[in-house]
Amino acid sequence: PQPQPQPQPQPQPQPQPQPGFGMPMGFGAITAFGGQCEFAGQCRGLQTVNIQSNMFELGCAEMGSCSGLQLTLNIPPSGAIDYIEGFRFEAPFAAQGSTITINGGFLNGIEIGAITCEVMQSCAGVSINAP
């Protein structure tokens, strides 16, 4: 008797992560509601975001995940936004050489809930401005 050919296993489709807070989203991971930057170079370069809620929060989770980020946050003039959840820098040099500029919020002012530097050097070279 001849051996029967064995069926080849068919590759199963893998679920693809959907963009959202806390999931890798690639370049431009920062949205109007915030972002979680989870790998080196993910959130870098020039980015401008028009904030849409008081829940904006930016997390830079890995070394270099926000390095070189030049982020401008625009607050609408309506006065509806008066709070930013905050900025979390969770790894050494997570945002080295980064600048965050907050524009607007002149009606009520803007309160930042927290700027968290979770480990030594995690906020090294970060500048946050509100001209």
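The values are calculated or read from the model by the stated rules, or taken from the named source; none is laboratory data. The model shown is predicted, which means the values in this text are computed figures rather than measured ones. Positions of Cβ are backbone-derived with ideal geometry, glycine not excepted, and every protein chain shown enters the neighbour counts. Side chains are part of the model used for accessible areas, which takes the heavy atoms of the whole protein and leaves out ligands, DNA and RNA. Shrake-Rupley method; radii C 1.70, N 1.55, O 1.52, S 1.80 Å.
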**Item:** Among residues of region 86-117, those that are more than 17 Å from A40 (Cβ to Cβ) and open to solvent by 60 Å² or more (accessible area, probe 1.4 Å), counted
**Value:** 6
**Message:** Which condition from (1) surrounded by 21 or more Cβ atoms within 10 Å (Cβ to Cβ); (2) at pLDDT below 95; (3) not charged (D, E, K, R) is the one that G79 breaks?
**Reply:** (1)
**Message:** Being surrounded by fewer than 21 Cβ atoms within 10 Å (Cβ to Cβ) and within 17 Å of L46 (Cβ to Cβ): is that true of Q121 here?
**Reply:** no
